[in-house]
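Notes for the one structure printed next.
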Amino acid sequence: MLILSGVDYDAIRLSIKVAFAATLLSLPFGVAYAYVMTFFRFRGKVLLEVLVNLPLTLPPVVMGYLLLIGLGKEGWLAPLLETLGVRIIFTWKAAVLASALVGFPLLVRSIRLGMETIDARLIQASRTLGAGRLDTLFTIILPLSRGGIVAGSSLMFARSLGEFGATIIVAGNMPGVTQTIPLAIYDYAGSPGGDRAALSLCVVAIAISVLVLLAHEMLLRKLARRE
């Protein structure tokens, strides 16, 4: 039987909220990045490949610390944030940025795979008929990349649900404010008698992940049947 407190429900709601926000925030940038890297040739492309994939190899704590020194009170962007009256560090917005940064490579990879499968003759035909780059993007490339976009978004969402290292550095672990499911499990695991509560949240996390993956598979199969 699941044992969930009000704070646990807050952590569940916040985790879903952060995952949705991180996915929506990253999606336009992921599409633009994948488009440029797939259909353009330029110097420095290898460097961009390395930069976008860094979050896959670096410990999430490193990514979180870089965000902290960039967005903190003494950070590089502190004067701009103060001018705009925006506070990010130790709020749920910091958790969104951390999740977006760590999950971005998975999103880009999936979208690129979708774009790379497009028949180049279709793009050439649209150009021959007078379509510009934007017309081709919105009428040919994006519709034919739906599978990759859906796959990348699903993976991004699932990855954001499980983000821990970067989140705890930039958002902290404040129950009801910035505490997500992984952070709550971490708290319970280190507390006497917290085993059952930690296990309950583990079950919830597994259930949400299974639902996301099922939706992912169903959407991909539906798109495949239409194509």
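Some points to look at:
- Qualifying residues in region 158-171 (those that are part of a helix (DSSP H, G or I) and surrounded by 24 or more Cβ atoms within 10 Å (Cβ to Cβ)) - the one farthest from the chain's Cα centre (by Cα): V170
- Residues that are small (G, A, S) and exposed (fewer than 11 other Cβ atoms within 10 Å of the Cβ) within region 192-227 comprise G193, A224, listed in sequence order.
- Checking T57 against (1) under 24 Å from M115 (Cβ atoms); (2) among the hydroxyl-bearing types (S, T, Y); (3) in contact (Cβ under 8 Å) with a residue 40 or more places away in the chain, the condition it does not meet: (3)
- Contact annotation: residue pairs with Cβ atoms under 9 Å, 6 or more positions apart or on different chains, pairing a residue in region 212-227 that is more than 21 Å from T23 (Cα to Cα) with a partner that is modelled with pLDDT of 80 or more and assigned to a helix (DSSP H, G or I), are A224/G147; R226/R146; E227/L144; E227/R146; E227/G147.
- Within region 180-223, the residues that satisfy the criterion of being over 19 Å from the mean Cα position of the chain (by Cα), closer than 23 Å to I169 by Cβ and not polar (S, T, N, Q) are A184, I185, Y186, D187, Y188, A189, G190, G194, A198, L201, C202.
- When region 29-44 is limited to residues that are surrounded by 12 or more Cβ atoms within 10 Å (Cβ to Cβ) and free of Cβ contacts under 8 Å to residues at least 24 places away in the same chain, the one that is nearest to the chain's Cα centre (by Cα) turns out to be A32.
- Selection from region 109-122 of residues that are under 18 Å from M37 (Cα atoms), at pLDDT 85 or above and part of a helix (DSSP H, G or I): R109, S110, I111, R112, L113, G114, M115, E116
The values are calculated or read from the model by the stated rules, or taken from the named source; none is laboratory data. All of these numbers come straight from a predicted model, not from anything done at the bench. Using ideal geometry, Cβ is built from the backbone for each residue, glycine included, and neighbour counts are taken over all protein chains shown.
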